[in-house]
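Working notes, structure below.
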Amino acid sequence: MTDIIRLLPDSVANQIAAGEVIQRPASVVKELVENAIDAGAGSVQVYLKNSGKTQIQVIDNGCGMSETDARLSFERHATSKIRDSHDLFSLHTLGFRGEALASIAAVAEIQLRTKRANDEVGTQIDIAGTRISAQTPVQCPVGSAFTVKNLFFNVPARRKFLKSDTAELTQALNEFKRIALVYTQTALSVSNNRTDIYTLPASNLKQRIVHLFGKTMNQALLPIATETTLVKISGFVALPEYAKKSAGEQFFFANGRYIRHPYLHKAVMQAYEGVLPPEFKPVYFIYFEVPPETIDINRHPTKTEVKFEDEQVIFQFLLSSVKQSLGKFNVSPAIDFDGDSMLQVPVLRPGMKVSIPSVDINPAYNPFRHQSARNNIQPQQWEALYAGFENEKQQPQLFTTPEEMPADSAGSAFLQLKGKYILTPIKSGLMLIDQKRAHERILFDRFRSNSHHEKNMSQQSLFPETVELSPDETALWTELKEDFAALGFDIRQADGNVVCLHGHPGEIGGKHPGVIFRKLLDEYRHSECNLADNRRDRLSMALAREAAISYNEPLTEEEMNHLVEQLFVCSTPNYSPTGKPVAHILTMDDIGHFFNG
């Protein structure tokens, strides 16, 4: 029998590694910008074409590479940061495995131009599919310039699964922001199709957050700071009114690296209990510093999933630190802040004995021996307090509010129950309709029909409203400008990241058009299904959800009648745009069962 196990060719092995490391254009942006920062760059520029699908260029003024290093950097497991296995547990840099450039070269065409300060000329290397096609001397500035073209040109199946330009740009900007939030002393910029999105000067952390997320964040940020013998926690949390239903502005960093940590996220959510509805997510930028040997970062190819050695202790410190910050600004009940900010945590060493704490008590102490005048309550006072509670003439009433009292059977054909459901008799029994879902279905069908027929039904505002966007929101609005216009929004560029709302869809009623516009952008930006062919449907769905009548909103009989009539004109009246049931029928048999059983 012939042998069946054989070594993979380097080209195939590199493509497999690329599948783990390089998943989309955002992965290339992340790896190249991290390499530039590791090279000591004080300035990094990122240029995208078609959101990185066509071209990604990263230029830095770092230390550059020699001719030999430039060629060797594209080999697998080539790294300047590890000499032996002990180095794996004391890393302070970003990339370290030596997979990035080899993985990118396996699935794209790359040109590298690099030069060191002491070299007379630089080096240019052209490589595609792991094969170097040219290596020549070239005149270029000190630093490195990577140009990555035609990502996944030799893996068409992976390229086919890339999402729309808007979605890929959002992912690339997310990676850019995660790096920018750590390396605030590095000037960073990014543009797409020659349109500048972010131009970030070197600054402190708060200024960097404001540059990334808009000026409104300046008054929203509350500092947190806790330093213990196990961990140092710093950063900012935002006021509750800046929380959002969608995730996306929650950032954890451990030793300068962006991480995801659901367990520690629960600590932040717990700190906001009582000041935030459970469906909202607070905005936070939180940094952990721990000894490198107490954290395992090499648990996943993207290095975003980490394991702390003392996670439960860190959880408690984080919870306390966030609560402390909220308490200082009267967001939640205050706690004592006069103690030493440096919490000394005793660590149990082998052989140490733990003694049970003891409390001295006086068994002869009687707290009732001396009564104060204010606590001396006379019996007749208690009788007065309970007067009328046992009056047999007072019988409990079945209905105590107008909303709870049923209408006369000879009167209204519609009844609003608890501000949420519309009840109406039908031939087969009783129909219950969810008023919000019903209105969502009506508005969605109307918005979708108008948007696909370019039927602009805009209601002009007497006083146009200005809205300041973050740079990536501006880029997203530019991409979706025609889609918003088709829905009835008349939005015009004012200055920089400021837009002016001159008109809005008439169906949104008295709701704030600027707030709805921001919510639509935010939901689209953080959505996972940004397909170009259904974006108007998705915007229509989000707009219908925001513009629909709310629960606990009282409706007149005429309004309920009109709502029900409109609902059953829709093509799919039984389900909301998200597929949830709108109506339910209690048949006469169902009703009779309650009384005959």
message = Under a crude label model (7 Å from the Cα following the beta-carbon direction), how far is GLU305 from HIS453 in nanometres?
response = 4.9
ask   = Tell me, what is a quarter of the convex hull surface for the C-alpha atoms of segment 407-511, in nm² with one decimal?
value = 10.1
note = Residues LEU32, LEU72 in order from fewest to most other beta-carbon atoms within 10 Å are LEU72, LEU32
request  = Once you have the Cα-Cα distance between ASP590 and LEU239, take 0.36 nm times their residue separation minus that, and quote the gain in nm to one decimal.
outcome  = 121.4 nm
remark   = Among LYS266/LYS481; LYS177/LYS481; LYS215/LYS244; LYS481/LYS519; LYS245/LYS323; LYS418/LYS511, the pairs whose Cα-Cα distance exceeds 27 Å are LYS266/LYS481
note = With label points set 7 Å from each Cα along the Cα-to-Cβ direction at GLU559 and HIS526, the distance between them in nm comes to 3.0
note = Most exposed first, judged by fewest Cβ atoms within 10 angstrom, SER571, SER103, SER73 run SER571, SER73, SER103
task = Starting from the Cα of ALA247, step 7 Å along the direction of its Cβ; do the same at ASN362; then give the gap between the two resulting points in nm.
result = 5.6
ask   = Using 18 Å as the cut-off for backbone N distance, which residues of segment 458-476 belong to the label zone defined by a point 7 Å from the Cα of GLN219 along Cα→Cβ?
value = 466-470
inquiry  = Can you compute the FRET efficiency between PHE568 and GLU227 using 1/(1 + (r/R0)^6), with r the Cβ-Cβ distance and R0 = 56 Å? Round to the nearest 0.05.
reply    = 0.30
ask   = With a Cα-only, solvent-free Debye model of segment 212-339, what are the log10 I(q)/I(0) values at q = 0.14, 0.15, 0.16, 0.20 Å⁻¹?
value = -0.61, -0.69, -0.79, -1.20
Sites ASP119 and LYS49, calculated FRET efficiency, Cβ-Cβ separation with R0 41 Å, nearest 0.05 = 0.90
ask   = Rounded to the nearest whole Å³, what is the per residue volume of the convex hull around the Cα atoms of segment 408-597?
value = 145
remark   = Taking a label point 7 Å from the Cα of THR424 along Cα-to-Cβ, the residues of segment 559-574 whose backbone nitrogen sits under 14 Å from it are 559-570, 573-574
ask   = Tell me, what is the FRET efficiency for CYS63 and GLN312 to the nearest 0.05, using R0 = 45 angstrom and their Cβ-Cβ distance as r?
value = 0.60
message = Need one number: % antiparallel among DSSP beta bridges in segment 212-339, to the nearest 5.
response = 75
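Read-outs throughout are calculated quantities, based only on the coordinates presented, and are distinct from any laboratory measurement. It should be emphasised that the depicted structure is a prediction, and the values quoted were computed from it without experimental measurement. We place every Cβ from the backbone using ideal geometry, glycine too, and count neighbours over all the protein chains shown.
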